[in-house]
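All of the numbers you see were taken from the coordinates with simple rules; none came from a lab. Computed from a predicted structure; not experimentally measured. A quick note on method: Cβ atoms are made from the backbone with ideal geometry, for glycine too, and the neighbour counts reach across all protein chains shown.
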Amino acid sequence: MFSAYYKVKIVFIKIIIINLILIFIKVSFASESFQIVSLSPESIIKNSNETFTMSALYDVSDGNNTLSGLGISLYFDSTILSLESYTICEGAIGEPLLITDTNDSLSGDNDVQTDKKFTMAWINFPDLSWPNKELPIVLCELTFSAKSVDNSYSTNINVCFNDNANNYKGKATNSLVTINNEIIYNLDIDKNGKASGASDGLLAIRYLFESRGETLVNGVIDLDNCNYCNIDEIEKYLENAKNFIFDIDGNGEALGATDGLLIIRYLFESRDESLISGVVDKNNCTRCDVSSIESYLQSICP
Ligand SMILES: [Ca+2]
Ligand SMILES: [Ca+2]
Ligand SMILES: [Ca+2]
């Protein structure tokens with residue numbers, strides 16, 4: 001009797017202990033808190049040479065906006081994307097670092113495609129008052145341009161946490177970027193984002209007048225902002241542009257003395273009669289008057 005009583009008691013105590021352990025596990029899971037960094041947009045599709053802006057948003061799972069800070073890196077593939085510019089949320093420590101990171105086995109994002117990381121940190125210790133703003137906040141905005149690709153590519157921009165506030169873990173949403181190799185043909189030949197007479201216009205007319213090589217590109221490329229910067233890229237693009245879009249008057253061929261002059265006049269802001277005067281093939285044109293020529297030229301501007 002006596003020993004049976006103790007057996008029951010031991011079983012009872014065991015049940016209580018197991019229950020206490022379960023409650024403890026439940027409580028510790030429930031109290032797990034996260035500093036959350038989400039990239040926006042989560043997925044994006046762009047063509048070669050187009051630019052886009054990626055935002056990193058910061059939130060905290062329990063809404064606590066007074067923590068010690070955060071350290072993150074954004075990883076990207078520099079063979080496909082180039083980082084053009086960035087803005088960083090105020091309060092960051094020093095300048096962000098752009099580092100080549102090829103060794104994924106040590107500290108990377110476990111993504112062999114990404115080879116560069118952009119590292120930022122915010123810290124407010126021991127005050128514990130970061131960011132002290134209504135959440136979510138924008139941590140940074142990175143503007144990328146998609147490089148020329150031979151095939152379509154998909155690549156991730158990944159978030160990794162270098163430092164989290166005490167008792168917080170990092171939780172990230174990465175972004176999937178798809179770059180298509182579709183090339184857009186327009187009058188922005190050097191792909192600096194705009195069509196201008198003194199660069200693109202001269203490139204077009206020189207090409208139509210058979211200039212090639214150094215004499216084609218000399219002094220007319222926007223070297224600070226071009227995406228097509230070298231002779232090979234420019235010549236290849238111009239050859240296709242000549243076939244696809246440079247026949248402005250629509251007479252079946254792209255020529256310097258007609259189409260080339262139409263292009264350069266238009267890019268130098270000539271309009272109306274002064275745009276088309278003397279440079280349209282009146283006998284064979286399919287775009288012959290001011291309005292059809294202007295609207296066509298407008299349609300092939302970026
Ligand atoms: Ca990597
Ligand atoms: Ca241009
Ligand atoms: Ca023509």
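Tabulated values for the structure
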| read-out | value |
| --- | --- |
| Between 0 and 90°, nearest 10: helix 290-299 axis offset from the chain longest Cα axis | 30 degrees |
| Candidates per trypsin sites (Lys or Arg not before Pro) in segment 222-275, loop by DSSP, up to 13 other Cβ within 10 Å | R271 |
| Gain on full stretching of the segment that runs from S291 to D62 - 0.36 nm per residue minus C-alpha separation | 76.3 nm |
| Extreme residue, positive dipole direction of the chain, given options T258, C140, G278 (C-beta unit charges) | C140 |
| Ranked F125, F34, criterion: other C-beta atoms within 10 Å, fewest first | F125, F34 |
| Local electrostatic count at Y58 - Lys and Arg +1, Asp and Glu -1, tallied over other residues with Cβ under 13 Å | -2 |
| Those Cys residues of the chain for which no other cysteine Cβ falls under 4.7 Å | C89, C140, C160, C301 |
| 25 Å tail of the calculated P(r), segment 33-180, as % of Cα pairs | 27 percent |
| Whole-Hz ³J(HN,Hα) from phi, Karplus 6.51 cos²θ - 1.76 cosθ + 1.60, for segment 263-279, glycine and proline x | 4, 6, 4, 4, 5, 8, 6, 5, 9, 6, 4, 5, 6, 9, 4, x, 10 |
| Spatial separation of Cα centroids for segment 209-239 and segment 145-179, in angstrom | 34 Å |
| Cα-derived Rg over Rh, computed across segment 197-299 with Rh taken as Kirkwood radius | 0.98 |
| Gain in span if fully extended, K14 to Q113, counting 0.36 nm per residue against the direct Cα distance | 30.4 nm |
| When segment 73-135 is reduced to its Cα atoms, the Kirkwood hydrodynamic radius in Å | 13.5 Å |
| With Cα atoms, 0 to 90° folded angle of helix 2-30 axis to the chain main axis | 20 degrees |
| Kirkwood Rh in Å, taken over all unlike Cα pairs in the chain | 23.8 Å |
| When each of K14/K169; K133/K171; K117/K236; K116/K147; K147/K242; K46/K236 is checked by Cα-Cα distance, pairs over 26 Å | K14/K169; K117/K236 |
| Segment 42-87 - Debye-derived log10 I(q)/I(0), Cα point model, q = 0.21, 0.24 Å⁻¹ | -0.91, -1.07 |
| Relative contact order (%) - segment 33-180, alpha-carbon pairs under 8 angstrom, separation at least six | 43 percent |
